[in-house]
Amino acid sequence: MALLLHSAFLCPQGSPVVELNVGGELYTTTMGTLRKLPGTKLAEMFSSSAKPCMDAEGRFFIDRPGTYFGPILDYLRSERLPTHHIPEVYREAQFYAIKPLVKLLEDTPQIFGEQVARKQFLLRVPGYSENLELMVRLARAEAMAARRSPVLVCAVRTEEDAAHCADALRILEAEKRSVVKFGPWKAAPQVKDLLDCVKMDITAQGYQVYYEPYSGRTLRAKYFSYFYTFVFIWW
């Protein structure tokens, strides 16, 4: 009795099976799968004119994280979208220039929320990235023989708030207290949203940090809502 084989089990004519070493992870696929989408880096790597890198065992070598290459192959094989490690797969899809997959991943909640909502907000906070770097420098400067390093932050959402706490900033400056000032910004998110973003992005750099409302004796209580202490924990 003749057997009818599904097309997934048939090796397309002229599409040899190849072994890949992607960052130490081994994969087996066909040349047709790798060349499936013209214009991608994979299609270019394995074009007839390219000279791909080979490892010591004669496998094609790609110097990228191998863990997230599996979902890339799954998409090329069957257009299946990943369900785990979405940001990491998104980064790899960008590297390989797989535009249809990049577009689909940008519509997922994880990437949409990060790229469209959070990052667009932070672009409206003047000097956000520079302030993060300053916070880290201040914390590291205070870390000598200490378990924790406090960094004082002032967050003002509006021009009115900035004017209101100007006196407090002058007082702290006179006392030679370092203050990292965020804002004002023209966007809907509130101060707590900004503080959460700061904590998230510093944590992403490998630091252990938390924040709490400022409660020092230097300032009057009416200024407390504008000032927060970020505490870096070293050990």
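Here are a few things to note about the model shown:
- Among residues of the range 143-165 that are within 14 Å of Lys222 (Cβ to Cβ), those with a Cβ under 7 angstrom from a residue that is open to solvent by 20 Å² or more (accessible area, probe 1.4 Å) and assigned to a loop (DSSP other than H, G, I, E, B), sequence gap 6+ or separate chain, pair up as Val156/Pro184; Asp161/Pro184.
- Of all the listed residues (Tyr210, Tyr226), the sole one being of a type in the set (Ser, Thr, Tyr) and within 25 Å of the chain's Cα centre (by Cα) is Tyr210.
- In this entry, Ala174 passes the filter for residues that are out of contact with any strand residue (DSSP E or B) (no Cβ under 9 Å at 6 or more places or on another chain) and either of a type in the set (Gly, Ala, Ser) or at positive phi (or both).
- Within the range 198-219, the set of residues being closer than 21 Å to Ala174 by Cα, surrounded by 10 or more Cβ atoms within 10 Å (Cβ to Cβ) and without any contact (Cβ under 8 Å) to a residue 24 or more places away in the chain comprises Ser215, Gly216.
- For Ala155, the criteria (1) over 30 Å from Ala168 (Cβ atoms); (2) over 18 Å from the mean Cα position of the chain (by Cα); (3) small (Gly, Ala, Ser) hold in every case but one, which is (1).
- Those residues of the range 23-66 which are outside any loop (DSSP other than H, G, I, E, B), open to solvent by 50 Å² or more (accessible area, probe 1.4 Å) and more than 17 Å from Phe95 (Cβ to Cβ), in sequence order: Leu26, Thr28, Met54
The values are calculated or read from the model by the stated rules, or taken from the named source; none is laboratory data. In this text, all values refer to a predicted model and were calculated from it rather than measured experimentally. Backbone-built Cβ (ideal geometry, glycine too); neighbour counts: all protein chains shown. Calculation scope for accessible area: heavy atoms of the full protein, side chains included, ligands and nucleic acids excluded. Shrake-Rupley method; radii C 1.70, N 1.55, O 1.52, S 1.80 Å.
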